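Remarks on the structure that follows.
None of the figures in this text is laboratory data; all of them are computed from the coordinates on show. Just so it is clear, the model here is predicted, and its values are computed rather than measured. Because the Cβ atoms are built from the backbone with ideal geometry, glycine has one as well, and the counts that use them run over all protein chains shown.
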Amino acid sequence: MDKNKKILLKIFDLDDDLVENVSLETDMKRNTLYVKFKRTMNYCSVCGSVKLLSKGYYTSTLVGCPFNGKPTLIKCKINRFVCKNCGSYPVDENPISYKNTNMTRTAVITILNELKPYTATYSQIANRFGTSTSHIMNLFDRYVRVKRKKLPRVLLIDEFYFSRKVKFKHPTILMNFENNVIIDVIKSRKQEVTLEYFFHIPKEEKEAVEFICTDMSYTFKPLLQLYFPHSTLLVDHFHVIKYINDQLNNTRIRVMRKYSHDKTSLNYRILKNKYKLLLKNEEDLDDETYKNDHILGFTTTQSGIVYQMTLLDDEINRAYKLKELYRAFDSITKKEINNYDMEKELNSIIKQFKNSNIEEMIEVAETLKNWKQEILNSFVWIKDRRISNGPIEGKNHYIKKILYNGNGMQNFERARNRILYSQNKYESYDLDIEYTDSIKMKKEDLLFNDDETDEFEE
Ligand SMILES: [Zn+2]
């Protein structure tokens, strides 16, 4: 074989012992590599007879790796025979086709690697390789099936929004607080699903979980008694703060409406336009930069604006102070905690919310009372990090992007594999295990389920 052909073989990762002839054609859209393979069959693959006669070639097209920014198709010519003994027409094996993928092994590996970053999309990769999106998805399904990890010592549980078009709209995500590894993604947050899920996990594994952190939804409490009687349940303290802030915002909206008969009034305008400052943490307000405020009509700082808001309405003033009171309690540090009787502090806070005479704050008192133990439990530090669902919140952006890139992906199993594969750094594919069962969606998963909507949708 001449030197140019040897270069071609090298570029396209082909073994020259296998190849009889090779040539390359290239146009604006793609590279086409023509490869004629050497004969390898010496006796009939059906009956074993040596009486084989050449019967031309069998041609097939494989997807290779893109080259020079264009997809590469490999047109293979494989020897075909007729057996004089049994009459069958055996064909040589295609030596570069990877299993039954219609791709080269290098292409398969490259595609699986390219699917690792969360930004990758199936369609982008399909375009680059000159094949179909479903082909790429099938390849992913065939080699990437991520198993759940062992339950950790500190288990974080949260949910995310999946798709409007499926029965279970809110999958549950489990994460290890100590190393940020996603343990698993469960189809739903609904008890019928999570009960079944945790039921199948070995008892010893469940018993090794020391802390479980969730938001303030009630779905986990019965599971705790049933499966994790030795674990401590705590609420994610960020969720509590967010909830109180939301309630403060509800107070703000109600009060603003009180003034809405005169939309030019200072009270109405300031509550409508400056509410973001009200919801900010007090210490994050800028109290140094003076600017002319066109609503107030004088020069002041962010802190000054909030101060004016509290002067203008007594309910706003007291609701704001309650929010800041709770925040101060929540920010007690590991160093300080021994100086406080936390339960006494929290009881006193609940009392102040309850006696506020502000409907939204009275509601907060009820919620805090219901979650008192779990709030007190939330003051736990592991290596100086307070336990929270922060690590899961940090993943939400990536998960959203993956789901968005999946083109309104509705296949939960595929979405789950993709999330685990791309978000867990050391997750890999295994070419030795080939999953042949389909993960196509079942019909019942696509049905609308109104009772979940009724129960949870805001
Ligand atoms: Zn034969």
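Assorted remarks:
- Summing +1 for each Lys or Arg and -1 for each Asp or Glu among the other residues whose beta-carbon sits under 11 angstrom from that of Arg80 gives +2.
- Share of alpha-carbon pairs per 5 Å distance bin for segment 237-377, given as whole %: 2, 9, 19, 20, 17, 13, 10, 5, 3, 1, 0
- Solvent-free Debye calculation, one equal scatterer per alpha-carbon of segment 69-201: log10 I(q)/I(0) at 0.15, 0.16, 0.17, 0.21 Å⁻¹ equals -0.91, -0.97, -1.03, -1.23.
- The chain - share of DSSP beta bridges that are antiparallel (%, nearest 5): 70 percent
- Scaled against 2.2 N^0.38 Å for its residue count N, the alpha carbon radius of gyration of segment 1-157 is 1.32.
- In segment 139-265, the convex hull through the Cα atoms has an average projected area of 12.3 nm², a quarter of its surface area.
- Counting neighbouring beta carbons within 10 Å and listing from fewest to most, the residues Glu159, Glu210, Glu204 come out as Glu204, Glu210, Glu159.
- Where the alpha-carbon atoms of segment 23-62 are placed on the principal axes, they occupy 47, 15, 14 Å, in descending order.
- Per-selection Rg to Rh, the chain - Cα, Kirkwood hydrodynamic radius: 1.15
- Listed peptides 258-265, 139-146 by packing density, highest first (mean Cβ within 10 Å): 139-146, 258-265
- Mean-position separation - Cα centroids, segment 323-338 and segment 65-142, in angstrom: 59 Å
- Normalised contact order of segment 1-84, rounded percent, pairs of Cα under 8 Å and 6 or more residues apart: 28 percent
- Cross-link check: pairs Lys321/Lys372; Lys150/Lys335; Lys99/Lys400; Lys372/Lys400; Lys206/Lys372; Lys169/Lys258 evaluated at a Cα-Cα cut-off of 26 Å; pairs beyond the cut-off: Lys150/Lys335; Lys99/Lys400; Lys372/Lys400; Lys169/Lys258.
- Check: the chain dipole with +1 on Lys, Arg Cβ and -1 on Asp, Glu Cβ, in debye: 2220 debye
- Cα-projected label distance for Met28 with Lys258, points at 7 Å along beta-carbon direction, nm: 7.0 nm
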